[in-house]
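A.B. asks: What follows is a structure written as structure tokens; I'll ask about it next.
The values are calculated or read from the model by the stated rules, or taken from the named source; none is laboratory data. Source: prediction; values computed, not measured. A quick note on method: Cβ atoms are made from the backbone with ideal geometry, for glycine too, and the neighbour counts reach across all protein chains shown.
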Amino acid sequence: MKVNFTKYQGTGNDFIMIDDRTKSFPNDSKTISKLCDRRMGIGADGLILIRNHDSLDFEMVYFNADGSQSMCGNGSRCAVNFAKSLDLVKGSSTHFLSTDGPHKAFLVKNQEVELELADVSEVKTYQNEDLFIDTGSPHHIRFVEDVESYDVYENGKKIRENDLLYPSGTNVNFVEKIGDQQIFVRTFERGVEDETLSCGTGVTAASIAANALNIPSPVHIKTLGGNLQVKFDKAGQDRFINVFLIGPAKKVYTGQIEI
């Protein structure tokens, strides 16, 4: 079976996009893992199927590189631009279904997408001052010094595999404040089981966590793959609403592969 695909990336977080409006793609974890493999397949952090939806503009079905499912902020932004290319998005805004429910998004200039994420109603603090925030996907956050030279893989893997804290696993973000409204974030992603160049729900969680360090919205984020922005309104001690992730979502290339 031959499958047409388009590769997209959002600040280095890369995704295989497939038009699956006919629902003919065999979305088993073995096939997805093979396609996402950077040596034996196309190579990507995740795979996204775009499908029709009865009441919304479209549905995106997201898979991590290992075939597991979760919400993906950068993937959702890329899905919006891909859906636009399929003529599923008619104007400069869209309403679509993702893994954690419906989302709104706005197409901005230069292929940027502004994605609305779910409200955050809880910020959990641990004794060592680490934090946990769910932004559609679970995120452990630790503030460190000199994050650029920090061993993200080893330290992230230890936290991700802590079955007492996270029996279902978690993403792990290491964050450094580098300006009055800027942070540098590096993320170990579950499902990829490695550091990625960027994580949309991760930088969102990190930005909300940074509010405790008196960093106001909008927060500017540096990642290894590029720059993002997060804005929100604080509606209580640990409640954040009108949460938006803003950044580029760019087409890389199209292709066809036999599966």
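A.B. asks: For residue 212, only one of the following conditions fails: (1) within 21 Å of the chain's Cα centre (by Cα); (2) part of a helix (DSSP H, G or I). What is its number?
C.D. replies: (1)
Every residue, every condition in (1) touching a Lys or Arg at 6+ places or on another chain (Cβ under 7 Å); (2) in the same structural domain as residue 64 (by TED's automatic domain parsing); (3) modelled with pLDDT of 95 or more, yes or no:
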{"site": "188", "(1), (2), (3)": "yes, no, yes"}
{"site": "194", "(1), (2), (3)": "no, no, yes"}
{"site": "198", "(1), (2), (3)": "no, no, yes"}
{"site": "202", "(1), (2), (3)": "no, no, yes"}
{"site": "207", "(1), (2), (3)": "no, no, yes"}
{"site": "238", "(1), (2), (3)": "no, no, no"}
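A.B. asks: If you don't mind, another one. Applying the selection to segment 7-34, what residues are of a type in the set (A, V, I, L, M, F, W, C), within 19 Å of the chain's Cα centre (by Cα) and either farther than 24 Å from residue 222 by Cβ or in the same structural domain as residue 221 (by TED's automatic domain parsing) (or both)?
C.D. replies: 16, 17, 18, 32
A.B. asks: Hey, another quick one. Got a number for residues in segment 167-180 being at pLDDT 95 or above and in a loop (DSSP other than H, G, I, E, B)?
C.D. replies: Matching residues across segment 167-180 total 1.
Residues are listed down the side, and each one gets a yes or a no for (1) under 20 Å from the mean Cα position of the chain (by Cα); (2) farther than 23 Å from residue 80 by Cβ; (3) crowded, with 21+ Cβ neighbours inside 10 Å:
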{"position": "137", "(1), (2), (3)": "yes, no, yes"}
{"position": "148", "(1), (2), (3)": "no, yes, no"}
{"position": "177", "(1), (2), (3)": "no, yes, no"}
{"position": "185", "(1), (2), (3)": "yes, no, yes"}
{"position": "188", "(1), (2), (3)": "yes, yes, yes"}
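A.B. asks: Next question, about the same structure. Take segment 61-79 and flag every residue that is surrounded by 24 or more Cβ atoms within 10 Å (Cβ to Cβ) and either under 15 Å from residue 102 (Cα atoms) or hydrophobic (A, V, I, L, M, F, W, C) (or both).
C.D. replies: 63, 65, 72, 73, 75, 76, 77, 78, 79
A.B. asks: Hey, can you tell me all the residues within segment 152-175 that are among the polar types (S, T, N, Q) and surrounded by fewer than 24 Cβ atoms within 10 Å (Cβ to Cβ)?
C.D. replies: Scanning segment 152-175 gives 155, 162, 168, 170.
A.B. asks: Within segment 124-159, which residues are part of a strand (DSSP E or B) and among the hydrophobic types (A, V, I, L, M, F, W, C)?
C.D. replies: 131, 132, 133, 141, 143
A.B. asks: Step by step: first the residues of segment 201-259, then only those that are more than 23 Å from residue 134 (Cβ to Cβ) and of a type in the set (Ser, Thr, Tyr), then the one that is surrounded by the most Cβ atoms within 10 Å (Cβ to Cβ). Which residue is that?
C.D. replies: Of everything passing the filter in segment 201-259, 254 is surrounded by the most Cβ atoms within 10 Å (Cβ to Cβ).
A.B. asks: Just name the residue that is nearest to residue 242 (Cα to Cα) out of those in segment 112-135 that are surrounded by 22 or more Cβ atoms within 10 Å (Cβ to Cβ) and in contact with a Gly (Cβ under 8 Å, 6 or more places away or on another chain).
C.D. replies: 117
A.B. asks: Right, here's the next one. Considering each of 94, 11, 6, 31 in turn, give the residue that is on the phi > 0 side of the Ramachandran plot, buried (at least 18 other Cβ atoms within 10 Å of the Cβ) and modelled with pLDDT of 95 or more.
C.D. replies: That would be 11, the only listed residue that is on the phi > 0 side of the Ramachandran plot, buried (at least 18 other Cβ atoms within 10 Å of the Cβ) and modelled with pLDDT of 95 or more.
A.B. asks: Further question on the same structure: When only residues in segment 22-56 that are aliphatic (A, V, I, L, M) and out of contact with any Lys or Arg (no Cβ under 9 Å at 6 or more places or on another chain) count, which is farthest from residue 69 (Cα to Cα)?
C.D. replies: So the residue we want is 56.
A.B. asks: Quick check: is even one residue across segment 100-111 out of contact with any Phe, Trp or Tyr (no Cβ under 7 Å at 6 or more places or on another chain), in contact (Cβ under 8 Å) with a residue 60 or more places away in the chain and loosely packed, with under 15 Cβ neighbours inside 10 Å?
C.D. replies: yes
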